[in-house]
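Engineer: Shown below is the structure under consideration.
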Amino acid sequence: MQDKQFMKEMLTESAHAYKEGRMDRRTFLALCGASGIAMNAVLAGDAQAAADHVVMWNWGGQSVECHGSAIGEAFTAATGKGVKFDTSGPLEGKIKEMVDSGNVTADVADADLFNAVSLGPTGHLEPIDYSIVSKDKTLPGYALEFGVSVILYGYAFVYDTEAYGDNPPKDWKDFFDTANFPGTRALYKWANGSLEAALMADGVAGDALYPLDMERALNKIKSIKDDSIYWGSGSEVHSMVVNSEVTMAIVWQNRGRNMENDTDGRFKLVNNQAMAMPGAYIVPKGNPAGREAVMQFIATAQEVPAQLKLLDCLGMTPSNPAAFGEIPEDQQPYAITSAMNIDKIVYNDPTWWGENGGDAVNAFLEAIS
Amino acid sequence: MADAFSGGSLRIEGVSKYFGAFRAVNEVDLEIRKGEFLTLLGPSGSGKTTLLMMIAGFLDITSGDIALDGSSIAEVPAEKRNFGMVFQGYALFPHMTVRDNIGYALSVRKRPEAEIRARVDEMLELVQLQDFANRKPGQLSGGQQQRVALARALCFAPPVLLLDEPLGALDKKLRVEVQEQLKDIHRRVGTTFIYVTHDQEEALSMSDRIVIMRDGAIEQVGSPQELYERPATRFAASFLGKSNFIHQNGRAYALRPEKIDIHLGSGHPQARRSGTITSITYFGSMQRIIVETTEAEQIEVDIDVWRNRQPLHEGEVVELSWQDAAAVELNES
Amino acid sequence: MNAVARHIHPGWAIIAPLLVLVVALYLGPILNIMWLSVTDPEPGLGNYRKLFEGDTLLRIVWTTLRICVITTVFSVTLGYSIAYAMVHCHQRQKNYMLTLLLVSFWISILVRTFSWLMLLGRNGLVNNTLETLGLISAPIAFMRNELGVLIGMVHYMIPYAVLPLLVSMQSLDSRVMDASRNLGASGSQTFWRIYLPLTLPGIVASTLLVFILSLGFYVTPAVLGGGKVLMVAEYISVQLLVTLKWGTAAMLAALMLAGVLAMLWIMSRFMKLSAVFGGSTR
């Protein structure tokens, strides 16, 4: 699944470049043609975990470069160990399959904190060693037994300034109000973020979301179903926005800046009521490089310089409170834990999602299909 | 039965066919008489099948005209010409029964069910396939398939029946049998048959007239006997039967091997050539003797084994004689 | 022992290792899936019972069948016309067409899917042109709905539909069609009564191929359907990768497998499958 998403990203990005004249037609077509082969190449993966390096399992694209420069360099300098990448995307099912098969090839997975809740108790993850990793270098509640939040991303929304002019939507209530804000919406297909937004739109307070009232949330979702389309990957929603297929879209807030730039400011990011999602590093049970090495890697990622580099490179917001104040001014509008946003946001509960996520996704799919 | 049919006459006038720059048929003129059995005979590439396909309407004519009973059919599409055709390999409809194959022409003409049934029964009887009406073509022998093809082509009483090497797929023994049946059916139905073959024996035994074709043009037309006895050209003489070619007084003559008498020794009063036997081949009813003459010609002589008891041996000196009428003068060009 | 050995052709010894490998590589995983469908999360037929508890799964199955049937009908019909044109045009044009057909096999499904968005999307080439020309006032919703899914799938499937039909048409004896015309049948009579029945095995092969391939589609529905067209394959993938309900996924996979086998079985009642898969009818 994720290998395809990688290709999607690559192709959409290049489709963009082509459209804007940054890439010539021949290169774009060649890229399209090559993709069939490239996909296999990515699949095959050259990541071979061994004791002298740590294998990071992430989602490909820019993250290889960014994780390498933000964490890898400092980690190598401190330990002498290298970093390699597996870009096939650590979906929950893939982690489970890898551990169950006994052929564990990755040391640390760039996943969600709720994955730590669902996969930890079933014996698929190594516990985090808090003698090496610091509980203080993340937000309270986001340092769990089997995973620790290293960055935050968020569910915010963008809107089309040309569609709404002087009366722009300000919050989730407006997002779900198709009568006063007509136009097509894009929502996230795998439920999270979308459900919370629906509840807030329906009047639930941001700090009283959990446990989610599924029925209430789904009713709200269904109420705008005719005006909604749903996205499954970052590049997909990016193209929906850039091609003006929608007038409002729930987006990963770290992509908001790209969208504003790629539409020359026509679309604008709204961080009010944005939901902070703890992105976490988790360790597959029996990882090849051993616990100590991988814990050192995670600890490196918690440090302020690494946090700021990740923000600069990937748009992922620091989760280490010590880094909040260091966020550069030009990045503040796009970082949900920056001084200008931190009071407006709500927080995802990884425990609820880890325990109920599967059923929530299925119920959501049922409601939208 | 015969009254259901009425043969048509065809006139082919100056018909040519080009495939790109290649001339497949060249200025052919031919009258085909009502009810006759006419054979187009020639080696492959002689244009006989192309000519047949133009008559059938599957190929356009490049120039010239074809007329049926006096009116031109050059512009009439194949499906409107009402000519029956027996294809090479039969081209039966493999998914239909024998009955449906035979009744197809009537069925596409939307004739009443009962009429089709009766007519197909008649046809099944004509070709002796009453017991096979509900079989599929794949379940029949080659000879039976050939008869289905014939019945299918005759079912709608066409004025002209075109046959494209219909016996090509049969073994030799069966072929002779089917030739007899075909001739018999031709006599009974009275349709004009135009028959394409490269087999001279078939042509000789079945046809009223034979058209010998060569390189897209007509070489000679005539009854089998005329063509055999009086071939006009060296090609006609050698294509139909075997022939020796001799030169006398600057003229060329064809001489059939069976029309030569052979005499042992020398001094025979009517001797026209003398020479030495170089080979003897025994064929049962006759033997073929090759004589190298003193003029350095190779002459083939066929002799009746039964009537010429005198034993001959290779290397013996012999003399050859024939009647004046036996040697046919050729138009040598 | 000897008696048994005598009946076994020695040739089997040569292919036996290969046979074992094929069984291990194909049958093994299939049995594993069957096993999973009755053991995960707990032993029993609970996963199969889910089909009838609530209408979610049945609705997904129904959506899948509906889309696959429509896709198959359009792909095979259009494929038939294309194959017919290819068989009956000049060799040069035929080579061109065949090249285009084969090239399309190498273009990744993602590229094709996104090309459709560029072409028929809300701000795609077609809608923009029509709007510029003043023919429409609002964009036509070609994409992000079931129509979009169908357009994308039919487009992807046409080459698959064409190939078996092409083989079937090329193997026909053209004299049979000549014979039909010679016997007085019009073009359409010849088509309906001779050509179509004789290409039926090709149509069946093409239908089976397209239908079975369509069942496994999920990229195209996921993207062009705007998230609202949920088909079995995508649902299985979600259950495997996101919600970790492997038992449900295995149950649906087993169901699809059974469905395909049942279809082949029904088909075999009506015609010899050997004819469909290129064997001889005789």
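Engineer: Which one is nearest to the other protein chains (Cβ to nearest Cβ) among residues in the stretch A:172-203 that are within 20 Å of A:N254 (Cβ to Cβ) and assigned to a loop (DSSP other than H, G, I, E, B)?
Structural biologist: A:K189
Engineer: Still on this model: Could you list, in sequence order, all residues of the stretch B:46-104 that are free of Cβ contacts under 8 Å to residues at least 24 places away in the same chain, touching a helix residue (DSSP H, G or I) at 6+ places or on another chain (Cβ under 7 Å) and within 12 Å of another protein chain (Cβ to nearest Cβ)?
Structural biologist: B:F58, B:A78, B:E79
Engineer: Could you run through the stretch C:83-115 and say how many residues are surrounded by 14 or more Cβ atoms within 10 Å (Cβ to Cβ) and not in a helix (DSSP H, G or I)?
Structural biologist: Within the stretch C:83-115, residues that are surrounded by 14 or more Cβ atoms within 10 Å (Cβ to Cβ) and not in a helix (DSSP H, G or I) number 2.
Engineer: Going residue by residue through the stretch C:113-123, is there one that turns out to be in contact with a Ser or Thr (Cβ under 9 Å, 6 or more places away or on another chain), within 12 Å of chain A (Cβ to nearest Cβ) and under 26 Å from C:A253 (Cα atoms)?
Structural biologist: yes
Engineer: As an exercise: evaluate A:R255 against (1) within 14 Å of chain C (Cβ to nearest Cβ); (2) modelled with pLDDT under 95; (3) crowded, with 21+ Cβ neighbours inside 10 Å and give the number of the one condition it does not meet.
Structural biologist: (1)
Engineer: Considering only residues that are closer than 18 Å to A:A274 by Cα and more than 11 Å from every other protein chain (Cβ to nearest Cβ), look in the stretch A:221-237 and name the one that is farthest from the chain's Cα centre (by Cα).
Structural biologist: Among those that are closer than 18 Å to A:A274 by Cα and more than 11 Å from every other protein chain (Cβ to nearest Cβ), it is A:I221.
Engineer: Related question: Within the stretch C:130-222, considering only helices (runs of 4 or more DSSP H) that don't extend past its boundaries, which have at least 2 residues that are within 22 Å of the chain's Cα centre (by Cα) and within 14 Å of chain B (Cβ to nearest Cβ)?
Structural biologist: Filter on the stretch C:130-222 gives C:200-215.
Engineer: If a residue has to be closer than 16 Å to A:K189 by Cα and among the aromatic types (F, W, Y) to count, how many in the stretch C:212-240 make the cut?
Structural biologist: Result for the stretch C:212-240: 2.
Engineer: Another question, then. Only residues that are surrounded by fewer than 18 Cβ atoms within 10 Å (Cβ to Cβ) and either more than 28 Å from C:C68 (Cα to Cα) or touching a residue at least 40 places away in the same chain (Cβ under 8 Å) (or both): list them for the stretch C:168-208, please.
Structural biologist: Hits for the stretch C:168-208 are C:Q170, C:S171, C:L172, C:D173, C:S174, C:S186, C:G187, C:S188, C:L200.
Engineer: Filter the stretch B:105-127 for residues that are free of Cβ contacts under 8 Å to residues at least 24 places away in the same chain and assigned to a loop (DSSP other than H, G, I, E, B); which is farthest from the other protein chains (Cβ to nearest Cβ)?
Structural biologist: Filtering the stretch B:105-127 for residues that are free of Cβ contacts under 8 Å to residues at least 24 places away in the same chain and assigned to a loop (DSSP other than H, G, I, E, B), the one farthest from the other protein chains (Cβ to nearest Cβ) comes out as B:P112.
Engineer: Kindly indicate whether any position in the stretch B:132-148 is in contact (Cβ under 8 Å) with a residue 24 or more places away in the chain, under 14 Å from the mean Cα position of the chain (by Cα) and closer than 30 Å to B:R109 by Cα.
Structural biologist: no
Engineer: Can I ask one more? Among the hydrophobic types (A, V, I, L, M, F, W, C), free of Cβ contacts under 8 Å to residues at least 60 places away in the same chain and not assigned by TED's automatic domain parsing to the domain that holds A:Y142: does that describe A:I342?
Structural biologist: Taking the combined requirement at face value, the residue satisfies it.
Engineer: Residue by residue through the stretch B:136-145, note down the ones that are within 13 Å of chain C (Cβ to nearest Cβ) and surrounded by 14 or more Cβ atoms within 10 Å (Cβ to Cβ).
Structural biologist: Within the stretch B:136-145, B:K136, B:P137, B:L140, B:Q145 meet the criteria.
Engineer: Within the stretch C:61-76, take every residue that is within 14 Å of chain A (Cβ to nearest Cβ) and crowded, with 21+ Cβ neighbours inside 10 Å and give me the one that is nearest to C:Y156 (Cα to Cα).
Structural biologist: Looking at residues that are within 14 Å of chain A (Cβ to nearest Cβ) and crowded, with 21+ Cβ neighbours inside 10 Å, I get C:I67.
Engineer: Checking the condition more than 28 Å from B:K48 (Cα to Cα) and in contact with a strand residue (DSSP E or B) (Cβ under 7 Å, 6 or more places away or on another chain), which residue from B:Q220, B:Q200, B:Q270 passes?
Structural biologist: Exactly one of B:Q220, B:Q200, B:Q270 is more than 28 Å from B:K48 (Cα to Cα) and in contact with a strand residue (DSSP E or B) (Cβ under 7 Å, 6 or more places away or on another chain), namely B:Q270.
The values are calculated or read from the model by the stated rules, or taken from the named source; none is laboratory data. This one's a predicted model, so the numbers in the text were calculated from it and none came from an experiment. Note that we place each Cβ from the backbone using ideal geometry, even for glycine, and neighbour counts take in every protein chain shown.
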